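Peer 1: I have a structure here, written as structure tokens, and I will follow up with some questions on it.
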Number of protein chains: 2
Amino acid sequence: MQGEKRSKIAGERTAVAGRSDADEDSRNLVNSLAKGLRVLESFTAERPELTLSEVASLAKIDPGTAFRMLNTLVMAGYVARVPDSKRFRLTLKVTDLGFHAIARADLRELARPILRSLVGEVNEAASLGVLDGADILYVERVRAGLTRIGVDIRIGTTIPAFWSTIGEAMLAFLPSAELERVLSLKPRPGVFPHKPMNRSEIEASLKNVRECGHALRDSYFGSGLRVLAMPVLDVDNYPLAAVSVAVPQIQMSSKEFREHALDAVRRATVDIARAIQASGSVSAIA
Amino acid sequence: MQGEKRSKIAGERTAVAGRSDADEDSRNLVNSLAKGLRVLESFTAERPELTLSEVASLAKIDPGTAFRMLNTLVMAGYVARVPDSKRFRLTLKVTDLGFHAIARADLRELARPILRSLVGEVNEAASLGVLDGADILYVERVRAGLTRIGVDIRIGTTIPAFWSTIGEAMLAFLPSAELERVLSLKPRPGVFPHKPMNRSEIEASLKNVRECGHALRDSYFGSGLRVLAMPVLDVDNYPLAAVSVAVPQIQMSSKEFREHALDAVRRATVDIARAIQASGSVSAIA
DNA sequence: AAATAAATTTCGCAATCCGAAAAATCGGAA
DNA sequence: TTCCGATTTTTCGGATTGCGAAATTTATTT
């Protein structure tokens, strides 16, 4: 079909409107590179070693092609033949590529593009916070614009954990022993609008968050913002950090907000979890 | 030999005998995949963002080709365009490949909860490493929290075995023939703080570790950490892996550290050894 | 030993990829 | 602003090279 189009000379490209899009996309791509990447992707943690025919069927390519692809990857050092078997496996050279993706970047840099993807049309701001003693430390924050928002949180600010929506999201997923320890710590001094809640209020609130998987409420700081926060969980469901987004209370109801933001925030937390796992620890504030 | 056969059947492509080797190599390779990999490799820690023309010159390919390669990588999700600029950068998806390359997901999973039990009030971090050639590969690592700790080791990192405390713990329990073989191998390149020790120093150090049953020393990496490591031995006393824990040097002396951590670490190594035996998965990487 | 399955190689066709060069776009400098 | 230079993006023809089917070799099983 592409052959036809080509022979028709360059005039009629958009004759068939429906097709021109797909063709246009594929025009500037390299198919064999895409196939080679599919070969790499067919190796997983569960299936770290594969035979030629397994690769062929997983990557949906002809065995002959798979053979050539694997040979190329072996040449390049990304794949090795397992001795005394017909199987292949990824080498550690592949991990070098990954490190280049994240090297030198601290948690803030890794999180910033992800947070940026959360603010836009509706969301005013997105933040990333971590637990530091009894407080939440704001590690990164991205705002939609410089306009609006009176009271704002700066990077480096600390707020007692259970006055922060981010804090709620994290505390709710802490193992109970850890939670006890954190609640027994004394928050840093500062001027805050509310008096501390009593223990049973905290329990009830955290239970609710744990069940929903997120915390959602109006800001305690009189900024007129509605805030939704979700924890960044590691593979064992331990909270490493939490992400929040905010919209003006007048702009949408809690229900609308949740419907609108929840999936995007969840995706962001997964991305950040991956970034943290991949990069190991990085000092929160450089 | 294959060249002969070929020329009998298929005409004169191999007329010039000298060339047949080169032809033979390239016959089963896919050139555009190799070029695409060079594109990925042109991103490094020092140059995490590149323009099209930089990629083209670094990967030694035509700008037009580089454009198509980058488009393909963007499609596949391994590269992203940096907003508001003409630059490209690797995405975190690249790190996924790396994790698939790290051997035995099950080993990590069974070790993680055990490592987690080692970190807490005093210990900053606990790690599990295996021998990979002449290097130690960090397979899993659990930290106390995201704050604190400057320099840290990522999962997937490799360090020449005798610069790593985990390495000392493993080498000390290797059969002497194996030890010879490992010491004769060349570690992966990298920037490391110390020059290699000479042979007699290594001997003395390993002898000491063998007698104590553990390795204990200050990190060579200037992180201000004190590290204690013990091997995970199978039923034949062959070292399958090693566990380490770390505390800040200022927090306690070596003596206190040993008294505090030794039993817990020993229990952890025994647990991991048992778990490995139970799950049947034994072999490290060749 | 035979049969079956998998891996590797062959081979011809043409689709695809390449490179050069044109076109479009961006970024400064004047 | 307008112009110029550099970079990115698209075009295009041609031949390279990658593709798939089938043949051959190798291994695995019955």
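Peer 1: Which of the numbered conditions does A:Ala59 fail, given that it passes all the others? Conditions: (1) within 24 Å of B:Leu92 (Cβ to Cβ); (2) away from DNA strand D (no atom under 16 Å from the Cβ).
Peer 2: A:Ala59 satisfies every listed condition except (2).
Peer 1: Open to solvent by less than 20 Å² (accessible area, probe 1.4 Å), more than 16 Å from DNA strand D (Cβ to nearest atom) and modelled with pLDDT of 85 or more: which single residue out of A:Leu50, A:Leu118, A:Leu73 fits that description?
Peer 2: The match here is A:Leu118.
Peer 1: Any residue at all in segment A:228-240 that's over 25 Å from B:Val142 (Cα atoms) and free of Cβ contacts under 8 Å to residues at least 60 places away in the same chain?
Peer 2: no
Peer 1: Restricting to segment A:121-145, name every residue that is among the aliphatic types (A, V, I, L, M) and modelled with pLDDT of 80 or more.
Peer 2: A:Ala125, A:Ala126, A:Leu128, A:Val130, A:Leu131, A:Ala134, A:Ile136, A:Leu137, A:Val139, A:Val142
Peer 1: Open to solvent by 30 Å² or more (accessible area, probe 1.4 Å) and among the small types (Gly, Ala, Ser): is that true of A:Ser244 in this structure?
Peer 2: For A:Ser244, the condition - open to solvent by 30 Å² or more (accessible area, probe 1.4 Å) and among the small types (Gly, Ala, Ser) - is not met.
Peer 1: Sort out which residues of segment A:53-70 are of a type in the set (A, V, I, L, M) and open to solvent by less than 30 Å² (accessible area, probe 1.4 Å), and write them in order of number.
Peer 2: Correct list: A:Val55, A:Ala56, A:Ala59, A:Ile61, A:Ala66, A:Met69, A:Leu70.
Peer 1: Name the single residue, out of those in segment A:1-40 being open to solvent by 70 Å² or more (accessible area, probe 1.4 Å) and closer than 25 Å to B:Val94 by Cβ, that is modelled with the highest pLDDT.
Peer 2: Per the criteria, the residue is A:Arg38.
Peer 1: Taking the criterion of being open to solvent by 80 Å² or more (accessible area, probe 1.4 Å) and of a type in the set (D, E, K, R), would at least one residue in segment B:202-209 satisfy it?
Peer 2: yes
Peer 1: Could you tell me which residue of segment B:59-71 is farthest from DNA strand C (Cβ to nearest atom), considering only residues that are over 23 Å from B:Asp84 (Cβ atoms) and not basic (Lys, Arg)?
Peer 2: The selected residue is B:Ala59.
Peer 1: Could you check segment B:34-145 for helices (runs of 4 or more DSSP H) lying wholly inside it with 1 or more residues that are within 23 Å of B:Ala264 (Cβ to Cβ) and at the interface with another protein chain (Cβ under 7 Å from one of its Cβ atoms)?
Peer 2: B:105-116
The values are calculated or read from the model by the stated rules, or taken from the named source; none is laboratory data. Owing to the predicted nature of the structure, the values given are computational and were not obtained by experimental measurement. Backbone-built Cβ (ideal geometry, glycine too); neighbour counts: all protein chains shown. Note: areas computed on protein heavy atoms with side chains; ligands, DNA, RNA excluded. Shrake-Rupley method; radii C 1.70, N 1.55, O 1.52, S 1.80 Å.
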